[in-house]
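Structure record follows, encoded as structure tokens.
No lab work stands behind these numbers, since they all come straight from the coordinates. Model, not experiment: these values are computed from the prediction. Backbone-built Cβ (ideal geometry, glycine too); neighbour counts: all protein chains shown.
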């Protein structure tokens with residue numbers, strides 16, 4: 001099975017102190033460190049596991065600037081066979097639909113049985129996977145946390161409200177957005193990254209993809225960010241006091257009162 | 001004069017000379033033994049290299065102390081004394097067994113030099129040795145068979161019990177000494193009956209006992225006993241020789257070599273592969289131990305040398321809290337693998353190829369459970385190493401991407417930000433801001449210079465509570481009149497745990513970065529209050545200025561009168577000092593922290609039962625804080641309870657990780673208000689004369 005996984009380079013939320021810039025329209029990006037979006041990492045791991053069992057190849061693709069290449073390398077160090085960097089000034093400022101359009105063009109340049117995306121990105125809106133599927137006219141399942149490979153189709157599990165599991169059959173080719181927790185992604189050390197440091201990663205621009213530059217990028221974006229703000233700290237935290245037993249009793253009482261325990 | 005009895009060399013079984021059998025048995029026995037040993041050598045020859053042939057004088061010293069003088073045995077008094085007696089018996093009786101081997105086909109044979117007074121003296125000694133070995137065997141059998149010390153139990157997940165093997169071998173030893181004594185005793189009895197001048201026999205020995213017991217037996221039966229006991233001894237001896245390499249008694253042969261080749265340094269970690277420099281690491285195909293043959297030959301020898309005595313596991317904190325790690329079974333499972341995959345009779349059955357140890361022989365959690373505290377290695381009477389094996393197995397797992405999620409985050413953060421919490425580099429010296437102006441700390445990264453570098457390391461720089469250690473250290477250094485500074489944003493994690501958790505390349509990067517910053521600072525010496533950083537800079541880094549722990553600085557400053565300490569208040573506080581593993585066991589700094597404490601006049605200090613080189617790990621530092629082990633309780637809780645047992649109400653440590661673990665453990669153990677933990681530097685600052 002040939003699988004394409006769409007990944008994104010995002011500021012690492014666990015390793016940054018996110019602050020607003022002075023203008024208040026973006027976060028302060030001076031001291032940020034970036035990593036691959038966590039959901040995407042699970043998607044790549046899942047793709048690798050499918051290929052380890054069923055054979056095939058894994059390609060990772062990202063839309064971004066030159067620095068985005070580092071996340072492709074990291075995923076290739078994990079085991080992905082190929083990387084594709086979709087890089088063009090015309091892509092800058094694309095909204096979700098623009099990104100989906102760019103990715104669609106890349107999908108159509110290859111031949112893939114399965115396309116995976118993360119369910120969402122740390123700095124995104126969780127929309128690209130669905131739009132990409134619609135544009136490709138392919139079946140789509142979101143928030144997938146289990147995949148079993150069948151003949152010409154997949155069995156996919158989705159997490160639904162209250163921790164319940166829903167099982168679906170979905171025919172191939174299809175697009176799935178992957179939820180964290182579907183697997184335990186393998187570790188990529190510095191040694192792994194060095195091993196793929198010199199692998200050539202093809203770059204495709206709007207022209208290579210046959211894209212109309214006017215339909216992507218900031219100018220074509222129909223969703224625009226207006227503002228960034230830090231929510232006001234609300235009241236509501238309550239520190240329970242007393243001995244351990246008293247605290248437990250109070251906590252149980254509160255949980256029952258609020259319907260958390262039946 | 002005719003001998004009282006026919007010797008084995010003169011005796012005939014129905015016209016066939018007994019000498020024929022007496023010659024054949026050693027021939028077959030030694031042949032089989034050499035064949036077995038050759039087969040046992042095969043895995044060592046296939047294993048990874050390890051140059052251990054240097055520093056011979058030190059190695060001979062280790063052999064004399066640890067092997068010959070059995071230095072570590074009395075740490076377990078009963079078993080230790082029994083073993084020393086057995087061991088001494090083996091050494092003494094070795095000569096007798098050699099002599100007996102020839103006696104069977106060489107009439108009147110004595111060992112060279114043993115035909116005079118030396119021989120007589122030896123005879124007395126060996127008769128007593130035979131006797132004490134006999135009684136030790138009885139006691140040991142009762143101990144193993146009836147009292148069954150917990151240490152020897154084999155938990156289900158590790159396989160079947162080894163008691164039978166132990167008793168069987170004791171039976172063999174018993175048979176050897178009894179038959180040897182019977183051989184002598186029957187001859188002595190015959191000599192008396194025949195009116196010969198009976199040889200002197202030391203009283204109250206087994207031979208003496210048999211002589212008296214057999215005094216009235218008919219000559220024919222004495223003759224049968226004499227020859228029978230000879231052949232029983234002969235057969236048992238050569239059977240035993242070939243049985244040794246089949247199990248835990250292999251140590252009888254290998255321990256001498258294992259001790260000779262044992263590690264001479266502590267605290268250090270073996271390179272990824274001996275003979276491959278740090279700069280060449282990128283060229284290696286694979287890292288660490290994945291297959292059995294990736295172990296070094298010394299590590300395979302370790303497996304062979306495990307006597308299954310259980311001392312390592314008895315001292316292992318991971319084992320004590322129910323983590324799935326028992327060092328003893330690291331060895332035993334390794335040995336079982338070697339025996340199963342290098343079978344004696346079928347040289348083609350070696351299963352090599354892709355046989356991965358993790359997931360088959362060892363489990364992931366087992367290998368991640370180790371805190372590298374070194375208690376096992378400190379205890380092992382035959383010099384078996386565990387830390388390097390654990391680190392090598394971890395290197396293999398890291399190389400395969402097989403790392404628990406709980407460790408991936410901090411490893412990634414160290415790669416990106418130089419600390420496991422992913423905190424901003426520019427905030428590394430923020431702790432200095434809370435200090436009063438008189439204690440201002442210089443920052444090399446801001447272009448300032450100083451004679452001494454204070455290397456704080458990550459936890460002390462960033463953790464809210466541990467910053468107090470950094471502040472206390474800075475104040476102590478100031479008051480001791482030391483001109484010092486910190487690396488500030490240029491300091492990165494020492495990488496001590498990155499290396500011990502198998503992420504060698506991350507460690508190499510951190511080391512390179514820190515080394516550059518330290519050398520650029522121009523500092524002429526380094527001080528740290530973190531034993532992990534201390535150990536890393538001392539043992540894992542090269543070419544740095546000398547490194548000291550703050551306790552050493554304190555002791556010297558007190559001696560030189562640069563630090564003056566006021567008396568402890570009479571507030572009922574009883575202090576106990578907890579030895580951090582990387583200060584004590586790995587660096588032998590046991591006395592300085594104690595001297596520093598005792599420099600506070602009137603401070604009441606008690607020792608825990610487990611102290612100094614038997615200190616009990618608090619739960620581990622660095623990345624171990626992030627790892628989520630399977631365990632029944634926390635190491636720290638056990639440790640805090642040990643402290644409470646001594647009557648202490650303050651635990652003093654000299655390590656930020658110990659402090660984290662102790663403070664947590666005090667809460668978990670429900671001892672809040674009754675027990676407190678404090679760092680040495682904090683305690684000293686609290687007692688500085690204003």
DSSP bridge pairs, the stretch B:575-686: antiparallel proportion in percent, nearest 5: 0 percent
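Taking the Cβ of each residue in B:83, B:234, B:15 as the centre, tally the other Cβ atoms inside 10 Å and list the residues starting with the fewest.
B:15, B:83, B:234
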Surface/4 estimate of mean projected area, convex hull on alpha-carbon atoms of the stretch B:561-658, nm²: 7.4 nm²
Peptide ranges B:455-462, B:683-690 listed from the most packed, as the mean C-beta count within 10 angstrom indicates: B:455-462, B:683-690
For residues of B:279-289, the mean tally of beta carbons on other chains within 10 Å: 1
Cα gyration tensor, chain B - rounded (a/c under 1.5), prolate or oblate: prolate
For q = 0.18 Å⁻¹, Debye-computed log10 I/I(0) when each Cα of the stretch B:417-559 counts as one equal scatterer: -0.99
Taking only Cα atoms of the protein assembly as shown, radius of gyration then Dmax in Å: 35.4, 124
Estimated [θ] at 222 nm from DSSP helical runs (n ≥ 4, -39500 (n - 2.57)) normalised by residues in chain B, nearest 500: -15000 deg cm²/dmol
R0 of 56 Å, Cβ-Cβ distance residue B:609-residue A:213: FRET efficiency to nearest 0.05: 0.15
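To the nearest 0.05, how large is the calculated FRET efficiency for residue B:68 and residue B:148 if R₀ is 22 Å and r is the Cβ-Cβ distance?
0.15
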Of all DSSP beta bridges in the protein assembly as shown, antiparallel share, percent nearest 5: 30 percent
Shielding by other protein chains, A:181-189, mean Cβ within 10 Å: 6
Chain A: calculated mean residue ellipticity at 222 nm from DSSP helix runs of at least 4, using -39500 (n - 2.57): -8500 deg cm²/dmol
Cα gyration tensor category, rounded, prolate or oblate, for the stretch A:2-220 with a/c compared to 1.5: rounded
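Working out 0.36 nm times the residue gap between residue B:276 and residue B:633, then minus their Cα-Cα distance, what length gain in nm do you get to one decimal?
124.4 nm
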Global geometry of the stretch B:285-399, whether rounded, prolate or oblate, following the gyration tensor of its Cα atoms and the 1.5 cut on a/c: oblate
Virtual spin-label span in nm between residue B:60 and residue A:148, 7 Å along Cα→Cβ: 7.0 nm
Residue exposure sequence - B:225, B:453 - by fewest surrounding Cβ within 10 Å: B:225, B:453
For A:32-40, mean number of other protein chain Cβ atoms within 10 Å: 2
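Hey, with R₀ at 35 Å, roughly what FRET efficiency would residue A:223 and residue B:513 work out to, going by the Cβ-Cβ distance, to 0.05?
Efficiency computed from Cβ-Cβ geometry: 0.25.
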Label point distance in nm, residue B:217-residue A:57, each placed 7 Å from Cα along Cα→Cβ: 8.5 nm
Cβ-based exposure ranking for B:249, B:274, in which fewest neighbours within 10 Å come first: B:274, B:249
Angle between chain A longest axis and helix A:38-54 axis [Cα atoms, degrees, rounded to 10]: 60 degrees
